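Here the structure is laid out as structure tokens; the discussion comes afterwards.
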Amino acid sequence: MSSMRFHILLSLLSPSRINAFQLQPPPRYTKSTSTPTLSSSYDYNYAETSPPSIHIEENTYRDIDSLTQWAEEAGVQKAPGLEVTPSFFESEYEADSDYEAMTTEDLPSGSSVLYVPQYLILSSNAAMAELRCEEMYEAEQRLIYEDGDEEKSNDMIRHYYLIYKILLEYEKGQESPWYAWLNSMPRYYSNAASMTSFCFTCLPALMRKLAMEERSILKKNHLAIMNTPYLSDETKRSAALWTFAHQIVYTRAFEADDGSGDLRIVPMGDYFNHGTEADVSFAYDEEGNYWAQTIRDVPAGSPLRIQYADPTNPSFLFARYGFLDESSPATFCKIFPPQVNRDMVELGYAQNRMLFYKDTGDVSQEVWDILLYQWLTSSNVADRRILMEAHNRGDVERKMALHESYYPKTSSLLEEHLNTFMEQLDRLGGKADGKDPMEHPRLPLILSHNEFVRRTFLMVRNRYFGY
């Protein structure tokens, strides 16, 4: 880090007092009342006078050394042994290694591992307070969903302002207080927003639906910037640059669990990768500072992981974050009724409940309930009514009697679904034959995802049908 940039960073970031990091739970941090905030007013002409120095090409080197130096100088405190290390994955670029937080020392459960002061944290609420104005109103209107879904619309707007903030900092180049962090960001991704059009044709139905939703979000956000202030025209026109900022926000921002609705990106804290079973939990104190600590014993040489989302939905994790979590205990059964009515929702039709279990081949009770409901809808409406009455009363004995009576029918539906879906996976795999991985570098991971689903379906078929 150059001395000039370091002095600028200190003038914007450094508190007058930073306590020594405490290695006992829960540590307390007494913030100086004179701690300045990080936010500064944006120079509308900045991009014209100081061109960006952050390269966004997919093979760009990620400067992790400067990140860790910047973090230490800016007030981040971490446990001895906490390091950001590469975890390589297969791709055409040597620079495409992923990086993750790990420990080189044993960490007992309850150990404090990371502290990040509030003024380093990128916040959607702070970005909206800084940037929201009359000229941004039209952009916000473009982000509102036509079906009136207020929750999804608000979520889009929160992400949008964080993306906008990232782009403003990008335009400041080396003068941005977050320069070292931005220059450590990945440029290569394997998620839906990065896939080619051909990749989409190799995805099974649910994964394709999730991927199309992710791509739609990317396009919707980019279209909303065209008539806004602050950003240079060059930045607004650059789809590659907008994608770079979009990927950072959608893969690294998580909602604070304090009722504020605030999306936050925590430098250094964003290097905790996902785990089906988390090793680390985090929280914010009343002043907005970030604290992370272990929730299990973690031996030296292990990654430190949090849980990004429901581990039983590996397809969403792949679509949003671009990795295949083969440690997921289960996956959605991929049953898509033509219409999901209120009865089916009451029976448990949901992607996190309609599950096939990877290691045992077991099928969740909700799957059997929906199969029975579907069969009775077409064959015996009176018994369907009895099913719903028993379910709503919690009459397990009556409900199980119906299941036993109709098991030959529901098991036949299950077997047909398993075989039909696996045949679809075979056809999708055939499309990839002869395709150049250099042209479609995400294709091998897509095929690995499809094979993961196939193995789970084979396990279910063997469990119930013996082949």
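Here are the numbers:
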quantity	calculated
The chain, accessible surface, carbon-and-sulfur percent (1.4 angstrom probe)	49
Distance from region 271-300 to region 390-437 (C-alpha centre basis), Å	37
Theoretical FRET efficiency, 1/(1+(r/R0)^6), r = Cβ-Cβ of Tyr407 and Gln339, R0 25 Å, to 0.05	0.50
Helical contribution to [θ] at 222 nm, DSSP H n ≥ 4, -39,500 (n - 2.57), averaged over the chain, rounded to 500	-14000 deg cm²/dmol
Debye intensity ratio in log₁₀ form over the Cα atoms of region 54-186, taken at each q of 0.15, 0.21 Å⁻¹	-0.95, -1.23
Region 312-399, Rg to Rh (Cα coordinates; Rh as Kirkwood inverse mean 1/r)	1.05
Highest average packing first - 201-210, 158-167, Cβ atoms within 10 Å	158-167, 201-210
The chain, relative contact order in percent, only Cα pairs under 8 angstrom and at least six apart counted	17
Proportion of all alpha-carbon pairs of region 124-267 beyond 25 Å (%)	28
The chain: antiparallel DSSP beta bridges as a percent of all, rounded to 5	95
Between region 112-163 and region 203-258, the alpha-carbon center distance in angstrom	12
Sequence-distant lysines (8 or more away, or on other chains) whose Cα lies within less than 24 Å of Lys78	Lys31
Of Thr196, Met212, Gln141, farthest towards positive along the dipole that unit charges on Lys, Arg, Asp, Glu beta carbons give region 123-213	Thr196
Cα-based convex hull volume of region 295-451 per residue, rounded to whole Å³	172
The chain, accessible area per residue, ligands and nucleic acids excluded (1.4 Å, Å²)	46
Charge dipole magnitude, Cβ of K and R +1, D and E -1 - region 365-451, Cα centre, debye nearest 20	280
Reference-scaled alpha-carbon Rg (2.2 N^0.38 Å with N residues) for region 235-364	1.29
Cα-based Kirkwood hydrodynamic radius, the chain, one decimal, Å	24.7
Cross-link partners of Lys334 among aspartates and glutamates (Cα-Cα below 14 Å; sequence separation of 8 or more within a chain)	Glu366, Glu415, Glu416, Glu423
Farthest toward positive dipole pole in region 313-464 [+1 Lys/Arg, -1 Asp/Glu at C-beta], among Ile370, Asn341, Pro329	Asn341
Coarse-grained scattering of region 183-240 at q = 0.18, 0.20, 0.29 Å⁻¹, given as base-10 log I(q)/I(0) from a Debye sum over alpha-carbon atoms	-0.76, -0.86, -1.15
Size of electric dipole in region 138-217: Cβ of Lys, Arg +1 and of Asp, Glu -1, about Cα centre, debye, nearest 20	460
Radius of gyration and maximum dimension Dmax of region 100-159, Cα, Å	18.8, 53
Estimated dipole of the chain in Debye, rounded to 20 [Cβ of Lys and Arg +1, of Asp and Glu -1, Cα centre]	780
Region 377-467: mean projected area of Cα convex hull, nm²	8.4
Ordering of 343-354, 130-141 by burial proxy (mean other Cβ atoms within 10 Å per residue, highest first)	343-354, 130-141
Positive-end residue, region 392-458 charge dipole about Cα centroid, Cβ charges, pick of Leu402, Ala432, Leu414	Leu402
Taking the C-alpha atoms of region 287-348, convex hull volume expressed per residue in Å³	206
For peptides 260-270, 399-409, sequence by mean Cβ density within 10 Å, most packed first	260-270, 399-409
Rg ratio (alpha-carbon, reference 2.2 N^0.38 Å) - region 191-279	1.30
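The values are calculated or read from the model by the stated rules, or taken from the named source; none is laboratory data. None of these values were measured; they are calculated from a predicted model. Neighbour counts are summed over all protein chains in view; Cβ atoms, including those assigned to glycine, are modelled from backbone coordinates with ideal geometry. Accessible surface areas use protein heavy atoms only, side chains included; no ligands, DNA or RNA. Shrake-Rupley method; radii C 1.70, N 1.55, O 1.52, S 1.80 Å.
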